[in-house]
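Quick notes on the structure that follows.
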Amino acid sequence: MNVTIEAIDKRNGAIEMDMKTYLTLDATAMAELINSEQVSPKELLELSFRRLEAVDPALHAFTATRRERAMEDAVNRRNGIFSGVPMALKNISQALAGERLSAGSKLLEDFRPAQDSHFVSRLKAAGLISVGHTNTPEFGLKNISEPELFGPTRNPWNVQHSPGGSSGGAAAAVASGIVPVAGASDGGGSIRIPASFTGLFGLKPTRGRTPVGPGAGRQWQGASIDFALSRTVQDSAALLDVLQVVQPEAAFQAPLFPGKYTEQLEQDFAAPLTIAFSVESPVGTVVSEEAKKAVLKTVRWLEGQGHRVEEVTPGIDGIQLMREYYLMNSGEMALLRMNLEKSLGRRLTEDDMEIESWLLASAGTQVSAAEYSASLAAWDAAAAKTAALHERFDFYITPATAHAAPEIGELSHSPDSRRRLLEAFGKASDPADQQELIYAMFLPSLSYTPFTQLANLTGQPAMSLPLHVTARNLPLGVQVMAQKGEEHRLLQLAKQFEQSDLWVGQNGNPFFE
């Protein structure tokens, strides 16, 4: 999808930049043009906003934009490696001082943070300029982006379908060409799921690699981490060079990678790889034939490159692990509701939150400290099993999602289903019954995306690669997991796929035709 700088028409040392040219460029290429003074940041921002105005009415990727302030940022930009390149931020955790950050919740509709998050500060130091914040489900709890506050974001490949969540707005912004990269976060697959549904490259780094501070704490006890969505492997590698940091006050630390991720991309593996793969859902749900096909053609390609592949699983009870995941979500939402009540000076009611947020928070008030600690211990047990798996295998491959993107509204609750859930929860006085109801509430969504949560709970890096398009012309990604700290090896493998015939990218996306 991208072209070299040399292929762009030059007149008198400047680029004849039009929208068609803009859409061919990734963030790295844009930065090269700016640094060689062949194009100005303002020119790129104007093209980004023109694209936004043209396509966002159909997609609804953004919850807020900032044209005037972005232009001011272009004048006062920092001289980092992405100096003057447009990007977008996610409307949760990625705070930009003075800009609305609602997390998709009507309770926070007018919240404006007083300071930048650490993550955003690093992006600004690299010279990136935010054009606005992108849509996300309320509190980032779902794998679709259809908050009641803002309405649904739509998939550029087919606007009747979702781009996923919770980084769905970010995915739509990149997969429609508004920006080359966008900030995203991943607490259960929220980078990899949208990447799978929209034909993007989506990397979830190792726990602690890109802390967001200040005051962000543990972010779902370390399950959630902030990074980005991109169209090219090069851009994600360069962003990881910028964003990896040891933040002293952060709860989780990852040792800095001593080299440069961008330099790792061109390296060959020293020896043939040993690779595990599975196409079975860890929670016993149906996996589409298209998802199986995506994985099988991927491992066949790897075999053709001389690597050894074996069908195997980590031996983890996926259903029980998801119960532990939802128990954590319950505790985190109970804390969030308590803090919101303190800040607002009133008790919240079920009308203040969407059904998932309300039931999780309500169930969380019944979770004991011992149960919460036991849940986290189960994460550690799973991490031990995946670590043992990676003593034998370099990578573990699964579908990124079990199906291509759902239709808009398919996974959202109607007023009737909301009422039934509230009634059922009211009758479930036992905490164990409440947790079973939580599991059942999320099961339709989980059936689409059962593969991604494992890496969040173990802390491992994982990525979704755009290697397959279904017969209905919808992307479906392939997930690859690695041992903690081995993002460089994932990126190295991703680059090899990007240079192969398997790489789909945005080929077939009507927004790029």
Count, please, the residues in region 335-355 that happen to be open to solvent by less than 70 Å² (accessible area, probe 1.4 Å) and farther than 16 Å from Gly426 by Cβ. 8
Selected residue [touching an Asp or Glu at 6+ places or on another chain (Cβ under 6 Å), open to solvent by 30 Å² or more (accessible area, probe 1.4 Å) and basic (Lys, Arg)] from Lys292, Lys260: Lys260
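A quick yes/no check of all residues on (1) aliphatic (A, V, I, L, M); (2) open to solvent by 20 Å² or more (accessible area, probe 1.4 Å); (3) part of a helix (DSSP H, G or I):
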| residue | (1), (2), (3) |
| --- | --- |
| Ala361 | yes, no, yes |
| Val367 | yes, yes, no |
| Ala374 | yes, yes, yes |
| Thr398 | no, no, no |
| Ala405 | yes, no, no |
| Gly409 | no, yes, no |
| Arg419 | no, yes, yes |
For the condition under 25 Å from Phe442 (Cα atoms), open to solvent by 30 Å² or more (accessible area, probe 1.4 Å) and modelled with pLDDT of 95 or more, what is the one hit in Lys124, Lys106? Lys106
From the list Leu149, Leu89, which one is among the aliphatic types (A, V, I, L, M), part of a strand (DSSP E or B) and at negative phi? Leu89
Cβ-Cβ under 7 Å pairs, at least 6 apart or on other chains, region 76-93 side open to solvent by 10 Å² or more (accessible area, probe 1.4 Å), far side among the acidic types (Asp, Glu): Ser93/Asp226
For region 146-161, which positions are open to solvent by less than 10 Å² (accessible area, probe 1.4 Å) and touching an Asp or Glu at 6+ places or on another chain (Cβ under 7 Å)? Pro147, His161
Quick test of your reading of the structure: Ile5 fulfils all but one of (1) modelled with pLDDT under 95; (2) open to solvent by less than 10 Å² (accessible area, probe 1.4 Å); (3) of a type in the set (Val, Ile, Thr). Name the failing condition by number. (2)
Name every residue in region 29-45 that is assigned to a loop (DSSP other than H, G, I, E, B), over 24 Å from Val233 (Cβ atoms) and either in contact (Cβ under 8 Å) with a residue 60 or more places away in the chain or hydroxyl-bearing (Ser, Thr, Tyr) (or both), in order of residue number. Ser40
Checking Met333 against (1) part of a loop (DSSP other than H, G, I, E, B); (2) in contact with a Gly (Cβ under 7 Å, 6 or more places away or on another chain); (3) in contact (Cβ under 8 Å) with a residue 40 or more places away in the chain; (4) not hydroxyl-bearing (Ser, Thr, Tyr), which single condition isn't satisfied? (1)
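The values are calculated or read from the model by the stated rules, or taken from the named source; none is laboratory data. These numbers were taken from a predicted model, which means no experiment stands behind them. Every residue, glycine among them, receives a Cβ derived from its backbone with ideal geometry; neighbour counts consider all protein chains shown. Areas reflect the complete protein model, heavy atoms only, side chains present, ligands, DNA and RNA absent. Shrake-Rupley method; radii C 1.70, N 1.55, O 1.52, S 1.80 Å.
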